[in-house]
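One structure below.
Read-outs: derived from the displayed coordinates by stated rules, not from any lab. The structure presented is a predicted model; accordingly, all values stated were derived computationally and were not measured.
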Amino acid sequence: MNTELSTPSYYKKVKMSLDQFSITRIAMTNYIKSLEEKEIFWLERLNGSNTPSEIKDNQKWLKMTRNQIADLQKMVKMMDKTELITEHKLY
């Protein structure tokens with residue numbers, strides 16, 4: 001075990017942080033799933049659009065949803081790497 005984690009109180013704090021980190025990651029993953037459902041919604045609306053303004057609006061919302069999904073997936077990937085590094089130091 002590394003010296004910075006040698007005290008039981010610090011070890012406990014890091015372990016609690018990892019637990020909170022995992023909960024946050026789960027919440028983000030669930031939010032990504034809901035955004036993917038929203039993406040399907042916007043695709044269906046885009047396919048059913050009749051006027052150019054509806055098409056433009058639906059394309060805008062679809063693009064925003066896809067950007068949010070991509071950003072959150074990147075963040076979850078970074079969180080996974082950080083969690084692995086921290087767990088490695090913890091154990």
(request) For segment 28-38, take each phi angle, set θ = phi - 60°, evaluate the Karplus expression 6.51 cos²θ - 1.76 cosθ + 1.60, and give the result in whole Hz per residue in order, putting x for glycine and proline. (result) 5, 5, 5, 5, 4, 4, 5, 5, 5, 5, 5
(request) Report ³J(HN,Hα) in whole Hz for each residue of segment 41-50, in order, from the Karplus equation J = 6.51 cos²θ - 1.76 cosθ + 1.60 where θ = phi - 60°; Gly and Pro get x. (result) 4, 5, 5, 5, 5, 5, 5, x, 6, 10
(message) Students often get this wrong, so check it: of 12/33; 33/60; 13/38; 12/81, which have C-alpha atoms separated by over 30 Å?
(response) 12/33; 13/38
(request) Determine ³J(HN,Hα), in whole Hz, for all residues of segment 70-80 in sequence, where each value follows from phi through the Karplus function 6.51 cos²θ - 1.76 cosθ + 1.60 and θ = phi - 60°; x replaces Gly and Pro. (result) 4, 5, 5, 5, 5, 5, 5, 5, 5, 4, 4
(request) Classify segment 27-78 as rounded, prolate or oblate, taking a ≥ b ≥ c as the square roots of the eigenvalues of its Cα gyration tensor: rounded when a/c is under 1.5, otherwise prolate if a/b is larger than b/c and oblate if not. (result) prolate
